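The values are calculated or read from the model by the stated rules, or taken from the named source; none is laboratory data. Values in this document were obtained by computation on a predicted structure and should not be read as measured data. Cβ atoms come from the backbone with ideal geometry, glycine included; neighbour counts cover every protein chain shown. SASA here: full protein model, heavy atoms, side chains in, ligands and nucleic acids out. Shrake-Rupley method; radii C 1.70, N 1.55, O 1.52, S 1.80 Å.
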Amino acid sequence: MAPLELIIELVLMPLVAFIVGLMMVLMMRRIAAKLQRRVGPPFFQPLYDIVKLHGKRTQVSHGMIHDIGIVMAMGGYIAAETLLPVPGMNGIAEKGGIITLLYLMMIPSLGLALGVGQCANPNGSIGIARALTAMLAYDIPLVIVVFGVAYAAGTTNLVEIIATQQAGGFETWGAVQMPLLAIAGLIAMHASLGKQPFEIYIAPAEIATGPMVEMGGKYLGGLFVMQSFQLYTTSVLYVSLFLGGGTTWFDFLLKSFLVLAIPVSIAYLFPRYRTEDLLRLMWKWPVMLGLIGIAFVM
Amino acid sequence: MSSIKQIPVIEEKRTNPLARVFDELVRFCRSRSLFLLHYCTGCGAIELPPAMTSRFDMERLGIQPMVSPRQADILLITGYVSIKTLKRVILTYEQMGSPKYVIGICSCTVNGGMYWQSYATAKKLDEYMPVDLYIAGCMPRPEAVIEGLQQLMQRIKTGEAKGWEDYYRNYDYYLGNQQKLFGNDWQTPTDVITEAKHYDLLGEGTLGEHTALLEQHQQPLEALEMRLGHQVKEPAE
Ligand code: SF4
């Protein structure tokens, strides 16, 4: 591939991810509104929020690490986008593989932990302790699921995994071949989004949005950007692993929005679990389903 | 309210021709995305849940509740403020990121309302902090609240809602009223005068006799002691 083409792809992929991510945020808020019989926010609301937050006059920084933490939180996902193939663009997905991708998806939580640590707000520290515990909880089923898919496909190359599924048609989709892993993956994905009932680290009524408590202005704006990347990354990863990626942009976007709609619609019907309940639930059901799924694959 | 009208509008000097367009965009986004602070003082707060939830749905205007002052744009004072509450309100107000707006809901914030004779409430809110908008009524219905918020949005869009600048320009006046209520040694953790310098909003009313009094009594802020677990007291011998 020509280097120029590669550079264009590397710029374009996060950009597309950001725009799609914003629409996903909008969808999430609209679904919440519909479930609560409200009208919901206007179309450009996620963009308004981000522009406003970056345009605030007061920008309270708590120090260098605080700044770096936010950059890490966004940067981890921006790097992850270049490893996620979309129709027509592969970026560096062929060279990276899923394992690198999983590592990159952990960086935002760690960056957030660093940044929040410097804010020295007890609510923030509790939030981050919970966020890292939650990460421990959902990463184990996630790794099992990804391992299962990679084992069945015989490769950790995401481009190849997608190509095999697309070549064989619907019957070779991950979700049809490995339904147990697909279910476990869906639960793990829901937990990784940090939405109710797994919303333990945001918990506005209890710890005042945890990690976000001291964030204002562009720092909060950065986290809003991060959220849109997060929604995009998780749903696209799921679509690539289990639903055969996308041959065209239309079916790619359709699949990713539909996949995301499942956890989001569930989320607004439930209250929140406690941390230990989350751990127990995550280490029991998705892990069990995942392990049985792997046994079938082997 | 009348004092707010008198603030001279100072245009920021920008050399970049695109800056105007950009400012316009930011102002528009500011008006379309407002985060309310969840801090409800009096009985008027009871009308906010219906304004936010399914019946009247504030989110369609881009208004949503937020939980910490750092994240919020609007401080809603929903009813009477007792003197004890007012202290917290001022602490919260000073920690919010500017541009910030204050809305006084209920008659009690306008002139004391039916608590006029009470010894424990602050009567006029705009003596203690600049109020951008009042919504009178005992208590105003959600329609009135939303109507008021829409007016505020309009004023933000045109750049009129500049109450927060008034706090810096006339800090001495507000501090004086606060001192009258809370005593001469009243001090907040926020250094308003330095902030005023930072935003280039040092006006004639920023410094005065009351800020001089503040300087006399001011104690340097100390970081809270960090420790793990409980401290066990040694029993006295
Ligand atoms: S105006 Fe009426 S409803 Fe509002 S705080 Fe005063 S007494 Fe309560």
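Taking only the Cα atoms of segment A:12-110, how large is their convex hull per residue, in Å³?
It is 151 Å³ per residue.
Using a 1.4 angstrom probe on the protein heavy atoms only, line up B:HIS38, B:HIS198 by accessible area, largest first.
The ordering from most to least exposed comes out as B:HIS198, B:HIS38.
Compare B:TRP116, A:TRP173, B:TRP186, A:TRP249 by solvent-accessible area with a 1.4 Å probe and give them largest first, with all protein chains kept in place.
Listed by decreasing accessible area, they come as B:TRP116, A:TRP249, A:TRP173, B:TRP186.
Report the local net charge at A:LEU83: Lys and Arg +1, Asp and Glu -1, summed over other residues whose C-beta lies under 14 Å from its C-beta.
Once all neighbours under 14 Å are counted, the net charge is -3.
What does the extension gain come out to for A:PHE43 and A:LEU258, with contour length at 0.36 nm per residue minus their alpha carbon separation?
75.6 nm
What is the sum of charges around B:THR92, taking Lys and Arg as +1, Asp and Glu as -1, for the other residues whose C-beta is under 11 Å from the C-beta of B:THR92?
Overall, the nearby charge balance is +3.
Hey, what does the equivalent ellipsoid look like for segment B:129-194, semi-axes from the Cα gyration tensor as sqrt of 5 times each eigenvalue, largest first, whole Å?
Result for segment B:129-194: semi-axes of 29, 17, 8 Å.
Computed over the Cα atoms of chain B, what is the convex hull's projected area averaged over all directions, in nm²?
Dividing the Cα hull surface by four gives the mean projection, 17.8 nm².
How many percent of all Cα-Cα pairs in segment A:198-298 sit more than 16 Å apart?
In whole percent, the long-distance tail amounts to 72.
Helix-derived [θ] at 222 nm for chain A: sum -39500 (n - 2.57) over DSSP H runs of at least 4, divide by residue count, nearest 500?
It comes out at -25500 deg cm²/dmol, rounded to the nearest 500.
Evaluated at 4 °C with a viscosity of 1.567 mPa s, what Stokes-Einstein diffusion coefficient in µm²/s does chain A have when Rh comes from the Kirkwood expression over alpha-carbon pairs?
In µm²/s, the coefficient rounds to 66.
Compute, for the protein assembly as shown, the length of the dipole vector about the Cα centre, with Cβ point charges of +1 (Lys, Arg) and -1 (Asp, Glu) only. Units Debye, rounded to 20.
My answer is approximately 1180 debye.
Given a cut-off of under 8 Å on Cα pairs at least six residues apart, what relative contact order in percent is computed for segment A:115-184?
22 percent
From the P(r) of segment B:162-215, can you give the percent of Cα pairs sitting at distances over 13 Å?
That fraction is 53 percent.
How high is the relative contact order of segment B:19-160, in percent, counting Cα pairs under 8 Å that sit 6 or more residues apart?
Dividing the mean separation by the residue count of segment B:19-160 yields 27 percent.
What 222 nm value per residue comes from the helices of chain B, counting each DSSP H run with n ≥ 4 as -39,500 (n - 2.57) and dividing by all residues, nearest 500 deg cm²/dmol?
Counting only the DSSP helices, I get -11500 deg cm²/dmol.
From the square roots a ≥ b ≥ c of the eigenvalues of the alpha-carbon gyration tensor of segment B:19-160, which class results: rounded (a/c under 1.5), prolate (a/b over b/c), or oblate?
prolate
With every protein chain present, what accessible area does B:THR194 have (1.4 Å probe, heavy atoms only), rounded to the nearest 10 Å²?
Counting only protein heavy atoms, B:THR194 exposes about 80 Å² to solvent.
Distance in nm between label sites at B:LEU202 and B:THR53, each 7 Å beyond Cα in the beta-carbon direction?
For B:LEU202 paired with B:THR53, the spin-label model returns 5.1 nm.
Which value in nm describes the separation of the simple spin-label points at B:ALA19 and B:SER82, placed 7 Å from the Cα toward the beta carbon?
Label-label distance for B:ALA19 and B:SER82, simple model: 4.9 nm.
Give me the distance between the Cα centres of segment B:103-131 and segment A:220-280, rounded to whole Å.
47 Å
Give me the net charge of A:LEU10's neighbourhood, meaning all other residues with Cβ under 15 Å from the Cβ of A:LEU10; Lys, Arg count +1, Asp, Glu -1.
For residues surrounding A:LEU10, the net value is -3.
Apply the Debye scattering formula to the protein assembly as shown, with a single equal point scatterer on each alpha-carbon and no solvent, then give log10 I(q)/I(0) at q = 0.07, 0.13 Å⁻¹.
Results for the protein assembly as shown at q = 0.07, 0.13 Å⁻¹ read -0.47, -1.29.
A:GLU171 versus A:VAL16, label points 7 Å from Cα toward the beta carbon: distance in nm?
Modelled inter-label distance: 3.0 nm.
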